[in-house]
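The values are calculated or read from the model by the stated rules, or taken from the named source; none is laboratory data. Since the model is a prediction, treat every value here as computed from it, not as a measurement. Every residue, glycine among them, receives a Cβ derived from its backbone with ideal geometry; neighbour counts consider all protein chains shown.
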Amino acid sequence: MHANLVILLLALSIGLQPVSTDLYLPALPGLAADLQASVGMVQYTLTGLLLAFGTSQLLWGPFSDKVGRRPIMLLGLGLYLIAAIGCVLSTSIEILVAWRILQGASMGAVITSARAVVRDLYEPAAGARVMSKSMTGLGLMACTSPPLGGFLSQHWGWQVALVSVVLYAVATLALVAWKYEETLTRPNPRAMHFPTMMRIWWQVLCHPTFRAFALLSLSGYGVLFVYLATSSFVFIQVLHLSSLQLGWILSSMSIMYITGTIICRYLLRKISMRRTIMLAGTLSASSSALLCWMVYGGWASATSLVLAMYPMVIAHGIHQPIGQSGAVGPFPLSAGAASALNGFLMMLAAFGTGYWLSHSIDGTLFPLVHGVAFWAGLLALTAWTLVQWHGEPVKAD
């Protein structure tokens, strides 16, 4: 496959995640009112998806190491399409949560395989650049999803907004079926054997490079998840913006994320990977400190909150490509399992954060600030310590 085709397929595959979350965020208040659901139950449409996404990867990853990336991606996309249609037709919050759980599990198959493709084809340094390019495409999808979701939900309701997810799934499935060629050259016939799975997972967990980049990835995603999970309630219910205005705010965040992925590629050409991560960690910590200062100082507004978050989102565009590529770097023969374990840890952190938020959202800005401060602090410490000590991957298999 041509390198540009690989990047396009990766962008569409991992783009399922922002399409599944960002596009429907502006519709959450209307969805809650229409289905007569509490804030806590509405949060489960997000946390349930992410928990299923994270746990399912533990099986999808080894399964893709055994049978190949292509069949797992096709199966995952087919199930995702069914679940997306089910979400549109949901008549209660419980039914919607159930379909979102299936959507998350099937999304795990697609994204786990996509991340493993990067290690199938590239060494870690080149893989970070390729992942960064595909995440620029992901950022473009994340950029258009919130305003599209806000526009559709504001004019025609949340069901119509979710129809666009169905159309995206159809297009991605068609392209993967038509153009994607298998990248796994050495399948492991024993990858799904339970003792083998346990041995590989233990080997991955014990590797210091994996631990460094996995902690970087999960803390970076923790920051993003706090913002995503609270944004609709903070900006619409606390700061009294419209769904469409929220969509444009989320779109501007995606532009900052795209900027971060471009800066990432520039820095990787000019300085080392570890120095790049150190600079991004400093940017995240500074942004978090500014956000806390504004909210505790009592002069936070929608504009000031957005401006304070911009540097952190730019840093996220640097952390994530390097973190996800670095976590699978030492495991060329077990890339699926390593990708799955990294994804599982990210989603476990997100689910724990979502559970905390479902009991903490109180009509103020403090849950947003406290969540961001915790994860940004952990992110900066990881960037300054573990990645500096163990950031150069040594092959484990």
* Flag if Arg275 is in contact with a Lys or Arg (Cβ under 8 Å, 6 or more places away or on another chain) and farther than 14 Å from Leu365 by Cα -> no
* To do: For Ser90, indicate whether it is hydroxyl-bearing (Ser, Thr, Tyr) and surrounded by 24 or more Cβ atoms within 10 Å (Cβ to Cβ).
  => no
* To do: From (1) under 18 Å from Leu341 (Cα atoms); (2) free of Cβ contacts under 8 Å to residues at least 40 places away in the same chain, pick out the condition that doesn't hold for Ile82.
  => (1)
* To do: Return yes or no: is Leu378 among the hydrophobic types (A, V, I, L, M, F, W, C), at pLDDT below 90 and either surrounded by 22 or more Cβ atoms within 10 Å (Cβ to Cβ) or more than 14 Å from the chain's Cα centre (by Cα) (or both)?
  => no
* To do: Of the numbered conditions (1) closer than 18 Å to Ile111 by Cα; (2) assigned to a helix (DSSP H, G or I), Pro332 fails exactly one; give the number of that condition.
  => (2)
* Does the range 219-229 contain at least one residue that is small (Gly, Ala, Ser), touching a residue at least 24 places away in the same chain (Cβ under 8 Å) and in contact with a His (Cβ under 8 Å, 6 or more places away or on another chain)? -> yes
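A quick yes/no check of all residues on (1) buried (at least 24 other Cβ atoms within 10 Å of the Cβ); (2) over 26 Å from Ile111 (Cα atoms); (3) among the hydroxyl-bearing types (Ser, Thr, Tyr):
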site	(1), (2), (3)
Met294	no, yes, no
His316	yes, no, no
Ser325	yes, no, yes
Leu341	yes, no, no
* To do: Sort through Val160, Val223, Val170 and tell me the only one that's under 19 Å from the mean Cα position of the chain (by Cα) and of a type outside the set (Gly, Ala, Ser).
  => Val223
* Return the residue satisfying two criteria in turn: it lies in the range 10-55 and is without any contact (Cβ under 8 Å) to a residue 60 or more places away in the chain and touching a Gly at 6+ places or on another chain (Cβ under 6 Å), and of such residues it is farthest from Ala116 (Cα to Cα). => Leu49
* Asked: Given the structure, is Leu368 surrounded by fewer than 21 Cβ atoms within 10 Å (Cβ to Cβ), of a type outside the set (Phe, Trp, Tyr), out of contact with any Leu (no Cβ under 6 Å at 6 or more places or on another chain) and closer than 29 Å to Tyr296 by Cα?
  -> no
* Asked: Has the range 366-384 got any residue that is in contact (Cβ under 8 Å) with a residue 24 or more places away in the chain and part of a loop (DSSP other than H, G, I, E, B)?
  -> no
* **Condition broken by Ile263, with the remaining ones in (1) in a helix (DSSP H, G or I); (2) under 24 Å from Leu357 (Cβ atoms); (3) more than 18 Å from the chain's Cα centre (by Cα); (4) of a type in the set (A, V, I, L, M) satisfied** => (2)
* Within the range 329-340, identify whether any single residue is among the hydrophobic types (A, V, I, L, M, F, W, C), modelled with pLDDT under 90 and more than 29 Å from Ile101 (Cα to Cα), and answer yes or no. => yes
